[in-house]
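Visitor: Pasting a structure here, questions to come.
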Amino acid sequence: MTAISLSRVTDWAALGERWRELEARADCSFFQSWTWTGCLAEERFTDPVLLEATRDGRVVAMALFNRRRSRTGRQVLWLGESGAAALDAVFIEWNGVLAEAGTAPGLLADCLRAARFAPIGGRRPWRGRRVVLSGIDAATLGAAEAAGGRLWVRRCLGAPYVDVAGLRQAGRCYLDALSGNARYQLRRSDRSYAASGELSVRRAGSCGEALGFLDALAALHQASWIRRGRPGAFANPHLVRFHRALIERGLPRGEVALLRIAAGGPTIGYLYNFEFRGGVLAYQSGFDYAGAGKHQKPGLTCHHQAIRDAAARGIDSYDFLAGEDRYKRSLANAETLLHWAEIGAGWSVRRGIDRLRELIRTTAVGEGDDLRPGPP
């Protein structure tokens with residue numbers, strides 16, 4: 001028998017230890033790790049609720065929610081998020097219930113059903129809670145469907161990636177897996193930059209150096225957005241605090257990487273990536289567009305050099321994360337889907353308005369834009 005309970009979080013240090021222990025037994029993403037989940041958790045989760053599934057005295061699944069109330073007073077649980085736009089600008093992806101490897105899909109459905117109906121502190125909701133699931137994969141979406149209740153899928157976004165392991169097994173070169181136009185653009189940009197000096201990738205070796213790279217990345221990133229008349233991701237002070245804290249948590253564990261790509265001396269750009277269990281997640285970037293020549297494409301060249309570096313180190317995948325940007329599809333050779341959904345979301349005028357805004361927002365995204373904190 002598996003017992004599933006919901007409780008308030010009172011001891012973050014103890015939760016971190018238990019989370020890490022299950023994490024070591026789980027097939028999970030970086031966004032489900034305690035490095036990400038526990039970062040500024042006391043600030044992000046104002047009413048934290050822990051779901052825990054145990055079998056024979058062993059924890060087999062955990063999920064951290066933040067509880068909020070809708071305007072009608074109904075309880076809403078946000079998986080891995082706060083439910084506040086400013087705090088959630090860090091944009092979680094590959095979200096889901098942290099579960100022991102080999103867990104049956106039925107248990108995930110049971111966990112999500114419990115999130116809707118199980119009591120918290122002895123009090124059962126008079127009607128089922130809404131459960132918000134952002135950036136989930138197909139397996140978690142299937143569990144949400146099986147959990148019962150009205151399921152509203154707000155949006156689905158492609159997450160393009162480079163299947164480095166597949167190319168390695170097939171004995172194929174990365175460039176050969178791209179379209180003729182993408183190969184041409186990459187080679188021409190790389191040659192143009194290499195005329196000024198050898199292309200190089202420098203990985204920040206300390207937290208101090210990584211934070212310096214982040215500041216330089218942010219300056220380039222903001223300059224690009226300000227030229228378009230938009231504020232840019234790093235205008236959000238919480239996002240800046242979060243990522244400075246995340247670097248200090250993740251860099252010593254080898255889970256966060258700040259890269260500087262240069263041609264001889266001059267910097268082409270910076271990449272802020274996560275590295276977790278054989279995969280690279282290309283999270284954020286800043287490129288020197290102002291200094292780029294006619295045939296120089298700093299984004300393409302920086303990602304190309306990072307992909308080559310990842311392949312040389314035996315990395316299996318290079319994930320561009322969710323977004324409909326043209327550059328992602330040009331550089332990727334595979335894709336999966338991520339979903340933003342709610343369980344127990346009945347129809348309302350407000351939800352209809354939110355859906356219309358979402359459609360407008362998605363339609364307005366152009367080349368080089370990104371639905372995450374800002375565009376690479």
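Visitor: What does the charge dipole of the chain about its Cα centre add up to, to the nearest 20 debye, if the Cβ of each Lys and Arg holds +1 and the Cβ of each Asp and Glu holds -1?
Guide: 1160
Visitor: Give me the accessible area per residue for the chain, probe 1.4 Å, as a whole number in Å².
Guide: Counting only protein heavy atoms, the per-residue value for the chain is 43 Å².
Visitor: So what is the relative contact order of the chain, in percent, for Cα pairs below 8 Å that sit 6 or more residues apart?
Guide: In percent, rounded to a whole number, it is 21.
Visitor: Putting +1 on Lys and Arg Cβ atoms and -1 on Asp and Glu Cβ atoms, find which of GLY232, LEU40, ILE343 reaches farthest to the positive end of the dipole of the chain.
Guide: So the residue we want is ILE343.
Visitor: Report, in whole Å, the centroid distance computed from the Cα atoms of region 26-66 and region 90-167.
Guide: Between the Cα centres of region 26-66 and region 90-167 lies a distance of 13 Å.
Visitor: Give, in whole angstrom and from largest to smallest, the semi-axes √(5λ) of the equivalent ellipsoid of region 32-189, with λ running over the eigenvalues of the Cα gyration tensor.
Guide: One finds semi-axes of 36, 19, 15 Å for region 32-189.
Visitor: Could you please put LYS328, LYS294 in sequence from largest to smallest accessible area, using a 1.4 Å probe?
Guide: Working: LYS328 0, LYS294 185 Å².
In descending accessible area the options line up as LYS294, LYS328.
Visitor: Among ALA194, ALA159, PRO252, flag the residue with its Cα farthest along the positive direction of the charge dipole of the chain, charges on Cβ as +1 for Lys/Arg and -1 for Asp/Glu.
Guide: Checking the options against the dipole of the chain, the answer is ALA159.
Visitor: If one takes the longest principal axis of the Cα atoms in the chain, at what angle in degrees, from 0 to 90 and to the nearest 10, does the Cα axis of helix 237-250 lie?
Guide: With both axes taken from Cα atoms, the answer is about 80 degrees.
Visitor: Treating the angle as unsigned and between 0 and 90°, give the value, to the nearest 10°, between the Cα long axis of helix 105-117 and the longest Cα principal axis of the chain.
Guide: 60
Visitor: In debye, nearest 20, what is the charge dipole magnitude of region 178-220 about its Cα centre with +1 on Lys and Arg Cβ and -1 on Asp and Glu Cβ, if you could check?
Guide: The dipole magnitude comes to about 320 debye.
Visitor: Let me ask you something else. Rounded to a whole number, what % of the accessible area of region 1-144 do carbon and sulfur atoms account for, probe 1.4 Å? It would help to have the intermediate numbers written out before the result.
Guide: On the way: 3100 of 5930 Å².
Carbon-and-sulfur percentage of accessible area, whole number: 52.
Visitor: Separate question: Pop out the carbon and sulfur fraction of the accessible area of region 190-332 as a percent, whole number, probe 1.4 Å.
Guide: 52
Visitor: Once you order the gyration tensor axes a ≥ b ≥ c over the Cα atoms, which shape class does region 1-58 get: rounded for a/c under 1.5, otherwise prolate or oblate by comparing a/b with b/c?
Guide: Cα axes put region 1-58 in the oblate bin.
Visitor: Taking the 0 to 90 degree range and rounding to the nearest ten, how far is the long axis of helix 298-312 tilted relative to the main principal axis of the chain, both from C-alpha atoms?
Guide: Between the helix axis and the principal axis of the chain, the angle is about 80 degrees.
Visitor: From the P(r) of region 229-291, can you give the percent of Cα pairs sitting at distances over 19 Å?
Guide: 42
Visitor: Taking the dipole about the Cα centre of the chain, with the C-beta of Lys and Arg at +1 and of Asp and Glu at -1, give me whichever of ALA89, LEU217, TYR283 is farthest to the positive side.
Guide: ALA89
Visitor: Once phi is turned into ³J(HN,Hα) by the Karplus curve 6.51 cos²θ - 1.76 cosθ + 1.60 with θ = phi - 60°, what whole-Hz value does each residue of region 54-60 show in order, with x for glycine and proline?
Guide: 10, 9, 6, x, 10, 6, 10
Visitor: So if I average 1/r over every pair of distinct C-alpha atoms in region 139-243 and take the inverse, what Kirkwood radius in Å does that give?
Guide: Values: mean 1/r = 0.0525 Å⁻¹.
Averaging 1/r across every pair of different Cα atoms and inverting gives 19.1 Å.
The values are calculated or read from the model by the stated rules, or taken from the named source; none is laboratory data. Keep in mind it's a predicted model, so treat the numbers as computed, not measured. Using ideal geometry, Cβ is built from the backbone for each residue, glycine included, and neighbour counts are taken over all protein chains shown. Only protein heavy atoms, including side chains, enter the accessible area calculation; ligands, DNA and RNA are left aside. Shrake-Rupley method; radii C 1.70, N 1.55, O 1.52, S 1.80 Å.
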